[in-house]
Amino acid sequence: MSQHKHDLTRKIITYMIAGAIFGVILYSIGRWGMGYEIDPVKRQLLYPATVTAWLFDGAFRLVGKIFIHLLQMLVVPLVFVSLFCGTASLKDPAQLGKLGIKTLALYLLTTAIAISVALMAASFIKPGAGFDLPNDLTFAAKSAPSLIDILINMVPKNPLAAMAEGNMLQIILFAILFGLSATLAGAAGQRLIAFFNDVNEVIMQLVTLVMKLAPYAVFVLIASVFGRFGFDALGNLSSYFFLVIAVLLFHGLVVYSAMLKLLAGLNPVVFLKKMRAAIAFAFGTASSNATIPVTLRTVTQRLGVDRAVASFTIPLGATINMDGTAIMQGVATLFIAQAYGVDLTLAQMGMVVITATLASIGTAGVPGVGLIMLSMVLQQVGLPVEGIGLIIGIDRLLDMTRTAVNVTGDAAVTCIVAKSEGHLDESIFYDPDAGEIED
Ligand code: ASP
């Protein structure tokens, strides 16, 4: 029996809260003790140049960035090797097709639910009604790639280039084809699979090592955001901000829980408890992509999902499944419509559901991209893309929170699909100590 005293999750959460408190104290001293102003566009506290240079751009940036680089360093080798081994371990390769269709269907469904709830909430609460528009807004729109191009670009011309660029969909496709071929290649294939299984073990060990640094890095990452952004800087955007947070919490806690219970008969409390470390990583880094190693480790070693399923669904989800991002985009679209005094028809709202779902697929799992992809949605329904300028200043905290939801969604769908395919080991799922790292 473990005492739960020295587990890493507990330490990460403690340091995360401590980082938030430290950041708030720093902000309060600067704002009210020293009387520093807030940058009206970036909505950040304007510290003196030396504080910014030594602390925010110095110590905080050094520790935070090194940690994020360490995580990113693991993503490509881990995804390739674990997906190769996972594919090769499937008894029946045709299973991959079924798995893929179920996963895609659930990813799309959860995103559509997320955005619909966001639209309903924003129509009801009207966060943008009576908003005073500044007249100097500018924002350049991003155009949507065509479906044909998306499909063509999934196939790598050069797998090494795909890895060098971190192009996740191309890496996924190559790893699956390589894994399938290994199973067909007889003894040579078996030798390669055995070798990569060893590589996989070593990389997972590296993930564990990097995770041990997480408490300190999460402290710094959170303190750095809370030290610069204060709730008093939200001003007339606070109803937008809190509405996005409320829908994110609803989706993350209620919708996923209901789905886990109803579709897979799994206990959502156990799920959420075991997801805490991954959620803290997502929150700290604001990047589903950088969180992949931790999410993958959590679902396989703590929640009992077979690697064959998780090594496919987690990187895919981190790339295309962004429920939190879709929620922000839904609320933001209505907020901007209301601020500009435009009434959206029901048909236009339907359009928002479709484009936001597609936009969230196209959003890379890196910080801040969700907001850039919002321009696609706005253009689709004829709203001014400059509206994004209204909310960009307060996006960092929302980005962190929606990334936590994005990652939770990937893991929830992974558990549901794994359970339905007989690839979830419930004795691991319900073992509180399974896969926990000793601090
Ligand atoms: N930061 C988000 C993620 O990595 C994407 C976004 O919404 O900007 O999941």
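Bear in mind that the values in this text are calculations on the coordinates, not laboratory data. All values derive from a computational prediction rather than experimental measurement. Please note: Cβ atoms are built from the backbone with ideal geometry, for glycine as well, and neighbour counts cover all protein chains shown.
How are the C-alpha pair distances of segment 132-247 spread across 5 Å bins, as whole percents from the shortest bin up?
2, 8, 8, 10, 12, 11, 11, 14, 10, 6, 4, 3, 1, 0, 0
Can you tell me the length gained on complete extension of the stretch residue 242 to residue 50, counting 0.36 nm per residue apart and subtracting the Cα distance?
The span from residue 242 to residue 50 would gain 65.8 nm if fully extended.
Over 18 Å, how big is the tail of the calculated P(r) for segment 1-106, in percent of all Cα pairs?
73
Given just the C-alpha atoms of segment 343-431, how large is their convex hull per residue in cubic angstrom?
Considering the Cα atoms of segment 343-431, their hull volume per residue is 138 Å³.
How high is the FRET efficiency from residue 208 to residue 426, r the C-beta distance, R0 25 Å, rounded to 0.05?
That gives a FRET efficiency of 0.60.
Could you give the spread of the C-alpha atoms of segment 18-79 along their three principal axes, from largest to smallest, in whole angstroms?
Between the extreme Cα coordinates on each principal axis of segment 18-79 lie 48, 26, 20 Å.
What pairs in 273/419; 98/261; 102/261; 98/274; 157/419 have C-alpha atoms more than 24 Å from each other?
The answer is 98/274; 157/419.
Per residue, how much space in cubic angstrom lies within the convex hull of the C-alpha atoms of the chain?
Dividing the Cα hull volume of the chain by its residues yields 147 Å³.
Kirkwood hydrodynamic radius of segment 331-371 from all distinct Cα pairs, in Å?
11.3
Take the Cα of residue 199, step 7 Å along the line toward its Cβ, and report every residue of segment 76-104 whose backbone nitrogen sits under 20 Å from that point.
Correct set: 76-90.
Label point 7 Å out from residue 267 along Cα-to-Cβ: which residues of segment 278-317 have amide N under 14 Å?
It comes to 303, nothing else.
Against the 2.2 N^0.38 Å scaling, with N counting residues, where does segment 286-439 land? I'd like the Cα-based Rg ratio to two decimal places.
1.20
Explain nothing, just the number: dipole magnitude of segment 186-291 about its Cα centre with +1 on each Lys and Arg Cβ and -1 on each Asp and Glu Cβ, in debye rounded to the nearest 20.
Value, rounded to 20: 180 debye.
For the chain, what is the mean residue ellipticity at 222 nm derived from helices alone (per DSSP H run of n ≥ 4: -39500 (n - 2.57); sum divided by total residues; nearest 500 deg cm²/dmol)?
-22000 deg cm²/dmol
Taking +1 at the Cβ of each Lys and Arg and -1 at the Cβ of each Asp and Glu, which of 378, 366, 87 sits farthest along the dipole of the chain towards its positive end, judged by Cα position relative to the Cα centre?
Towards the positive end, the residue furthest out is 87.
Which whole-number percentage describes the relative contact order of segment 285-439, with Cα contacts under 8 Å and a sequence gap of 6 or more?
43 percent.
Quick check for me: using +1 on Lys/Arg Cβ and -1 on Asp/Glu Cβ, what's the dipole size of the chain about its Cα centre, in debye to the nearest 20?
It works out to roughly 320 debye.
To the nearest 10 degrees, how steep is helix 369-380 against the longest Cα principal axis of the chain, on a 0 to 90 scale?
Once rounded, the angle reads 70 degrees.
Multiplying the sequence separation of residue 18 and residue 62 by 0.36 nm and subtracting their Cα-Cα distance, what value in nm do you get?
13.9 nm
Would you please report the Å³ per residue occupied by the convex hull of the alpha carbon atoms in segment 235-279?
For segment 235-279, the hull spanned by Cα atoms encloses 70 Å³ per residue.
Compute from the Cα atoms of segment 251-323 the Rg and the Dmax, the latter being the longest Cα-Cα distance, and quote both in angstrom.
Answer for segment 251-323, Rg first and Dmax second: 11.9, 31 Å.
Looking at segment 69-184 from every direction and averaging, what is the projected area of its Cα convex hull in nm²?
Averaged projected area of segment 69-184's Cα convex hull equals 11.8 nm².
Roughly how many nanometres apart are two label points built 7 Å out from the Cα toward the Cβ at residue 28 and residue 433?
With each label placed 7 Å out from Cα toward Cβ, I get 4.0 nm.
Using alpha carbons only, how many angstrom separate the centre of segment 6-77 from the centre of segment 275-336?
22
Restricting attention to the alpha-carbon atoms of segment 181-235, what are Rg (one decimal) and Dmax (integer), both in Å?
Cα radius of gyration and Dmax of segment 181-235 are 21.9, 66 Å respectively.
What percent do you get for the relative contact order of the chain when only Cα pairs under 8 Å and 6+ apart count?
Computed over the chain, the figure is 30 percent.
Relative to the longest principal axis of the C-alpha atoms of the chain, give the angle of the C-alpha long axis of helix 307-320, reported between 0 and 90° and rounded to the nearest 10°.
With rounding to tens, the tilt is 30 degrees.
Once the dipole of the chain is set up with Lys and Arg at +1 and Asp and Glu at -1 on Cβ about the Cα centre, which of 333, 21, 346 lies farthest towards its positive end?
Highest projection toward the positive end goes to 21.
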